[in-house]
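Dumping the structure here so I can ask a few things about it.
The values are calculated or read from the model by the stated rules, or taken from the named source; none is laboratory data. All figures in this text were calculated on a predicted structure; none of them were measured in a lab. Don't worry about glycine lacking a Cβ; one is built from the backbone with ideal geometry, like all the others, and counts go over all protein chains shown. Note: areas computed on protein heavy atoms with side chains; ligands, DNA, RNA excluded. Shrake-Rupley method; radii C 1.70, N 1.55, O 1.52, S 1.80 Å.
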Amino acid sequence: ANFRTVAQALVDVIRANETAVHSVVVGATGYNSIDALLGFTPLNDSDIIYTFHFYEPYAYTHQQMSWTSTSLPNRDFPIGTDADDVTTLIDAAGDWSTQHNAPVFAGEIGVSQQANSSSRCDWISTIANLLKDNSLPWFYWGAIDLSDGFGFFNNGNITVTDMDPCFGTALGLAPVALPISDLSPLRIDCKNDVTTFSWSLTTDEPAQLNIEGFHEGRKQWEIIGQQRARVEQTNYTHIYDNSGRHAYYRLRAEEVDGTVKYTDPTRNTCLGDHQWTVFPNPVAGGTFQLAAAQQPIAEVHLFDQLGRLLTHWPAVDMTAGQSEPLRLPNNLAKGTYWLRVLGAGGELHWEKLSVAY
């Protein structure tokens, strides 16, 4: 009976001490019961989000759980007035939200794994549709519980192949793919004008892999090979018979959900040893030195990680063994960039440049 008074006092303390405005989540008594929320008068605060837990009928959703206070026998859903009862409760929560112009969400929903699979599908479909019809967001409790709980993913894996299909359909879940991990840089091996790329990655879903080379003429990355990542495979190779075409290569990995990952560019060692040194690297003061080991430099370009040209020095004239100071553009953000170095004899190389300020 005193809870509303206590809740209001707590919110007042939060408002008096917070340094930025927060939304505060408030539930009612009775273990956040929906019945208690329906009898709750909203607090005197305009930024409260109200919540309830929904496990009705309790005797169905908690059947055969070892941790409940009493042993609940197996039963199905719906029986008797079950469907009407849950409809009345959730519709009432939607009406309460509308009446008080206050956002409400279901902080927990769930159904026992001990219930038979057909009735579990009936329950989650019924509850999900009622929540959707009343514009009530939800959180499913214990989705990956392996036993003695509410889980609907097998083996504790959050993937589309391990998900109970009727739960995915009812809850509107898109195919779930864990991200590609342990993606290694491209390794390059050259022999008889043939380039062999190799790399490793781990994925739990098929993914599209593109091997890309940076095209000097068009100043953009282009696809030179494709493969599909496979769940059971970790090591990959790709043979390319034009080793001198690109100075740098990278791997683009596109996951099922559209997420894209890139490896850092790998210099094409088939072109021979590079001829220049960049220092200091990282750059901290806006100026760096470029030293020629064997021959003068004709032209230098600076690109960002997306391949966009930021600036260039058209005529860096120097003799071998000396260094030339080059000034970076003003307001250049901290990060990693690439120098395209064109030698007087047409030799082309790339150097990674880190900016530390």
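Report, by residue number, each residue of the stretch 188-202 that is open to solvent by less than 10 Å² (accessible area, probe 1.4 Å) and either of a type in the set (D, E, K, R) or assigned to a loop (DSSP other than H, G, I, E, B) (or both).
Leu201, the sole residue that qualifies.
Here's a follow-up. Working carefully through the options Asp45, Asp12, find the one that is over 30 Å from Gln114 (Cα atoms), without any contact (Cβ under 8 Å) to a residue 60 or more places away in the chain and surrounded by 14 or more Cβ atoms within 10 Å (Cβ to Cβ).
One residue alone meets the criteria, Asp45.
Quick one: in the stretch 334-347, which of the residues that are open to solvent by less than 60 Å² (accessible area, probe 1.4 Å), out of contact with any Ser or Thr (no Cβ under 8 Å at 6 or more places or on another chain) and modelled with pLDDT of 70 or more is nearest to Pro265 (Cα to Cα)?
Across the stretch 334-347, the extreme among qualifying residues is Trp338.
When Gly80 is evaluated against the numbered criteria (1) surrounded by fewer than 17 Cβ atoms within 10 Å (Cβ to Cβ); (2) in a loop (DSSP other than H, G, I, E, B); (3) at pLDDT below 95, which criterion, by number, is the only one it fails?
(3)
Have a look at Thr287, Thr311, Thr277 and point out the one that is out of contact with any Phe, Trp or Tyr (no Cβ under 8 Å at 6 or more places or on another chain), within 25 Å of Gly213 (Cβ to Cβ), at pLDDT 80 or above and not aliphatic (A, V, I, L, M).
Thr311
Something else: So which pairs qualify, if the first residue must be in the stretch 63-76 and in contact (Cβ under 8 Å) with a residue 12 or more places away in the chain, the second must be open to solvent by less than 90 Å² (accessible area, probe 1.4 Å) and of a type in the set (Gly, Ala, Ser), the Cβ gap must be under 7 Å, and the two must be at least 6 apart or on different chains?
Matching pairs, first to second residue: Gln63/Ser112; Gln63/Ala115; Gln64/Ser112; Met65/Ser112; Leu72/Ala59; Arg75/Ala59; Asp76/Ser119.
Taking the stretch 231-247 as the search range and keeping residues that are of a type in the set (Ser, Thr, Tyr) and either within 12 Å of Thr195 (Cα to Cα) or part of a loop (DSSP other than H, G, I, E, B) (or both), which one is modelled with the highest pLDDT?
Thr237
Do you know which residues across the stretch 86-118 are closer than 21 Å to Gly30 by Cβ and open to solvent by 80 Å² or more (accessible area, probe 1.4 Å)?
Thr88, Asp95, Gln99
Which is of a type in the set (Gly, Ala, Ser), open to solvent by less than 20 Å² (accessible area, probe 1.4 Å) and out of contact with any strand residue (DSSP E or B) (no Cβ under 7 Å at 6 or more places or on another chain), of Ala170, Ala128?
Ala128
Open to solvent by less than 60 Å² (accessible area, probe 1.4 Å) and under 30 Å from the mean Cα position of the chain (by Cα): is that true of Ile34 in this structure?
no
Could I ask something else about it? Taking the stretch 48-77 as the region of interest, how many residues are in contact with an Asp or Glu (Cβ under 6 Å, 6 or more places away or on another chain) and open to solvent by 80 Å² or more (accessible area, probe 1.4 Å)?
Summing the residues that are in contact with an Asp or Glu (Cβ under 6 Å, 6 or more places away or on another chain) and open to solvent by 80 Å² or more (accessible area, probe 1.4 Å) in the stretch 48-77 gives 1.
Something else now. Would you be able to say whether some residue in the stretch 103-126 is more than 23 Å from Phe150 (Cα to Cα) and without any contact (Cβ under 8 Å) to a residue 12 or more places away in the chain?
Scanning the stretch 103-126 turns up no residue that is more than 23 Å from Phe150 (Cα to Cα) and without any contact (Cβ under 8 Å) to a residue 12 or more places away in the chain.
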